[in-house]
Structure formats: C-alpha cells, structure tokens
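Engineer: Just dropping this structure here.
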Amino acid sequence: MRVFNTITRKKEEFKPINNNHINMYVCGPTVYDLFHIGNARTFVVFDVVRRYFEYKGYTVKFVQNFTDIDDKIINKANENDEDIFKVSEKYIWEYYKDAENLHIKRATINPKATENINEMIFLIDELVKNDYAYESNGDVYFNISSFKEYGKLFGQDIKTLKAGSRIQINKDKKDPLDFILWKKAKDGEPYYESPWGNGRPGWHTECCAMIGKYFKGETIDIHGGGFDLIFPHHENEIAQREVLINKPLANYWMHCSFLNINKEKMSKSLGNFFTTREIVEKYSGNILRFFLLSSHYRNELCFSEDQLVWSNKSLSRIFNAYKFLDIYEEESKVKNIKERRYIDDINKFKDKFIEKMDDDFNTSDGISVIFEFVKFINAYGENFTEEDRVYAKNIFNEFFSVLGIEFEEDNQCRELSEEVREMIKTRWECKRERDFSSADKIRDSLLSLGIVLEDIPKGVRVVNSKDNRIIDTILY
Ligand code: AMP
Ligand code: ZN
C-alpha cells in the first residue's frame, strides 16, 4: 500500500509499526453546532481509511476527540443563556446521530477534552520545567525557538514562517509565533486550577495529550485531519510532543482537502454551509457519502445539488445490478445452468478495486471500477451460474463495506421534482382562495405518490409517507 505523507510530501510505501495493527488518531469536531458536509468529508474519508485497513485484515485503534471546551462553545452557551457543558453534551449526541446516518463507524475511543485536563496540565508542566514553554501574565506559551524543526510539517522553516506570519504582536509572547498552551481564566468562563493560576488549556495541547495517553506515549501510525489543520494545529502538536519524546509523534500525516462551494471552502464562519443533517434528510446517507467519496481525498471537491442527483442515479445503477443478480437467480431455476463460469472475470474487478485503494485510498478510481463491474454484470449476469452470482454479490458487499455504502432496495432520492413542487404550490393557492375541495384533491394525489403535506404557519412541511422523513419545508 502507498500513502501520501504530508510531512515528506511524497507517496510512500506504508509500513505499520506493528505487523497487523494500526494506531490512528483523527482530530474531531468542536461540539457547538451540527456538523456541516465539509466536516463530513473529512470524517467520511478517515472512516474509509479505517474500513480499508480492516478489510485488509488489520485491527485498528481509532481515536477521535471531541473538543468540548472552546470559545465557540462558550459563546453559543452565553447567547442562549445555557450551561456550556449542556451545549457540548447536546452536540456530542447530535454528532453521533448524524455520523450514524452517514454510516461512520464509532471510533474505538472518543475522548473529551474536559476528561483530560489533568493530562494536559501535566504535559504543559513538563514543557515549562524543561524550558520549552514559559508563563507570562497567567498564560503559558510554547517557545517555538526551542524546537529547531518547527515548520517541518508545513514545509517552511521558522524564518520564512515569521516573514509570512500575520500573527498580531502580543506583548506577553517572546516571539509572535509562540503559541498558547494555557489560557488565563476570563470572568464568567469555566476554569480549572493549575500551577499558573486558574484557566484552561489551549486546543493544540488537547490532541497532543490525548495521543500520549491513549497510545501510551508510543509513535502512532497515522495522524489525520483536514488540510486547514496542517498549520498551525498539527505543527504545534509535533512541537509539543517531539521536544519531549525525541521520536516522531506519527509516522504518516494524512490531510483531507476541502469541500468547496462556489470556489470557497465550506465553513461555518463564512456561512456558506449545509448541515449533514439537512442533506441526509433531503437525500440520504448513502447519497451524501457516495458524493463525498467521488473525488480523491487530496483533491478539492465542489459541492452542488446536481452532484447529489448524479450520486443518486449512480447508486441506483449499482443497486439495480446487485438486485438483478437475485432476479437472474430466480430465472435460472427454470433455465438450464450455463456451462461458462465467470469467477476469474469477477475477480479481476476485485483486484483492480484493491489496486486503486492501495494507491493512497483512491476511492474515485475505485468507484470507476465498480461502474465497470456493473457494466459487466448487465452484459453477462444472465449467464452466471449460481456460484458466479453468489460470488458477484459477495464482491459487491466487499465494495460496499469498504466505502460504507448500505444496499437499499429502494434508493429513492428525497428531492422533490419540479412537477411536485408546482402541485404543492397550486394546492397552497387553492387554500388561499378558500377552494378547499381542489386543495384536498391535490393533497390526495400527492399522498398516492408517497408525499404527506403538513401545514405550518406561512407554508408547508413535506414528509415522506414511508419513513416520515422531512423532505422539505416550503414557505410562501
Ligand atoms: P472543526 O469542528 O471546525 O474543528 O472541524 C472538524 C474537521 O473538519 C477538521 O478536521 C477540519 O479540518 C475539517 N473541515 C472543516 N471544514 C472542512 C471543509 N470545508 N472540507 C473538508 N474538511 C473540513
Ligand atoms: Zn487535533
């Protein structure tokens, strides 16, 4: 297997530290809101990395943190006059719900920052005692000049970083690039006691302390996250850990490129995002997942609803080929079983899929192989023997399990067609004109299409009659 390693900027032969076990850590969400489909891309990509290792026979210890204390969570709690721990607890459960609907496997451990405060204080204390960090006016900073290799992940030395840095001058820091390890408590914010007074640890220390704790101080195989975490977050993790342990924090650094919308990174702060929840409700977990995996994880991916419609159609084609294998099975009971056997041909698709995935988890090319397999089944499936059919279905199941796709008998896109939208609008107009009998007729026609309308102030909620999912909320 070959993996692109951000720190060497090369695709490298993957060599695990232990023969058949992988230790990996992926930075998780800050829990102050529902996660958007940009975050979902990173989570789904690393879920596939993990699934693929498991498919290849490795056991995987997968640790992903929850940042459950942070300025954003505190602001959200203050805005709504809520307890900050209630806010973070709520969004942890919302995360689990959305992740499950996107078929993301539960991590082996999901540690919370607040459960690891002592570990973080211990780490900061070690850094201060060894002169890698200093206290200044109640805050503690890491002194980047104490780590000569600072910048090695990002690929720039300290001098270049300084020249390009737009970090504001802070009189408490010895160097503008020094980063905060411990923040002095502000009025009204939760705090913990420490040797430097009341305060709370900074975000960069969180992942570093957790990796130390949950992997017992050993170098891990893979550390992952989105592109935006390369600098400064992961650079700072390396600095804190490697000055103390004198060995790499991780052997392979993997970073997932952005999901963009209108050529900009999808992000909460730009307000250009869709939540995973709304997209899964409107389409489905399978459809969103298929779209997120349709591009290689190191390429940018552009969001548009057309792409989701394409994913829906693609999945239907794949699921239809899978279903046809059953239909052929029924038919073959009356037909003579053909002589020709297709096991070798089928195996070629499996080998090709593995070859693509072995090449830095190329899901995009892997999906192309699945399409070739579908074509093959559509052309020759009716001649398959019983054994061929079972074998082909198993191969499909293997592809699905690696990509986290769950076969659906009825892969219906939950998007409304223009025609149905028109009907809903006409019914609304009929109601406004007090023509209730026409309005009811339209409502009944929609019901026969599996669509239930629920009136709400100034509009209507459109619900799927089969599974009660909300398809859309339309306001007039
Ligand atoms: P956050 O909750 O903002 O810390 O983000 C959680 C994860 O999602 C991090 O690994 C981010 O790098 C990643 N992420 C955020 N926005 C995007 C995006 N637009 N595309 C891909 N990954 C993203
Ligand atoms: Zn992290």
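What follows is calculated from the coordinates using simple rules that are stated; it is not laboratory data. None of the values given here were measured: they were computed from a predicted structure. Glycine also receives a Cβ, built like all others from the backbone with ideal geometry; neighbour counts cover every protein chain displayed.
Engineer: Does the chain classify as rounded, prolate or oblate by the C-alpha gyration tensor (a ≥ b ≥ c root eigenvalues; a/c under 1.5 gives rounded; else a/b over b/c gives prolate, otherwise oblate)?
Structural biologist: Working: a/c = 2.66, a/b = 1.40, b/c = 1.91.
Cα axes put the chain in the oblate bin.
Engineer: Could you please rank His103, His36, placing first whichever residue has the fewest other Cβ atoms within 10 Å of its Cβ?
Structural biologist: Numbers: His103 19, His36 22.
With the sparsest Cβ surroundings first, the list reads His103, His36.
Engineer: Holding the Cα-Cα limit at 20 Å, pick out from Lys72/Lys112; Lys61/Lys86; Lys15/Lys56; Lys282/Lys393; Lys348/Lys393; Lys282/Lys375 the pairs that are longer than that. Mind dumping the intermediate values first?
Structural biologist: On the way: Lys72/Lys112 16 Å; Lys61/Lys86 29 Å; Lys15/Lys56 14 Å; Lys282/Lys393 29 Å; Lys348/Lys393 14 Å; Lys282/Lys375 29 Å.
From the list (Lys72/Lys112; Lys61/Lys86; Lys15/Lys56; Lys282/Lys393; Lys348/Lys393; Lys282/Lys375), the Cα-Cα distance tops 20 Å for Lys61/Lys86; Lys282/Lys393; Lys282/Lys375.
Engineer: Rank the residues Cys302, Cys207 as a footprinting-exposure proxy: fewest other Cβ atoms within 10 Å of their Cβ go first. Show your work: numbers first, answer last.
Structural biologist: Numbers: Cys302 14, Cys207 30.
Arranged by neighbour count, lowest to highest, Cys302, Cys207 become Cys302, Cys207.
Engineer: Does region 1-81 come out rounded, prolate or oblate by the C-alpha gyration tensor, with a ≥ b ≥ c the root eigenvalues, rounded set by a/c under 1.5 and, if not, prolate when a/b is larger than b/c and oblate if not?
Structural biologist: Details: a/c = 2.79, a/b = 2.42, b/c = 1.15.
It comes out prolate by the Cα gyration axes.
Engineer: Considering region 148-260, what Rg and Dmax in Å follow from its alpha-carbon atoms?
Structural biologist: In order Rg, Dmax, the Cα atoms of region 148-260 give 15.4, 43 Å.
Engineer: Which log10 I(q)/I(0) values, to two decimals, does region 413-475 give at q = 0.22, 0.30 Å⁻¹ under the Debye formula with one point per Cα?
Structural biologist: Result of the Debye calculation: -0.87, -1.51.
Engineer: Write down the percent of antiparallel bridges among all DSSP beta bridges whose residues are both part of the chain, to the nearest 5.
Structural biologist: Around 60 percent antiparallel, to the nearest 5.
Engineer: Give the value in nm², to one decimal: projected area of the alpha carbon convex hull of region 305-403, averaged over all directions. Can you show the working numbers first?
Structural biologist: On the way: hull surface 25.8 nm².
Here the figure is 6.4 nm², rounded to one decimal.
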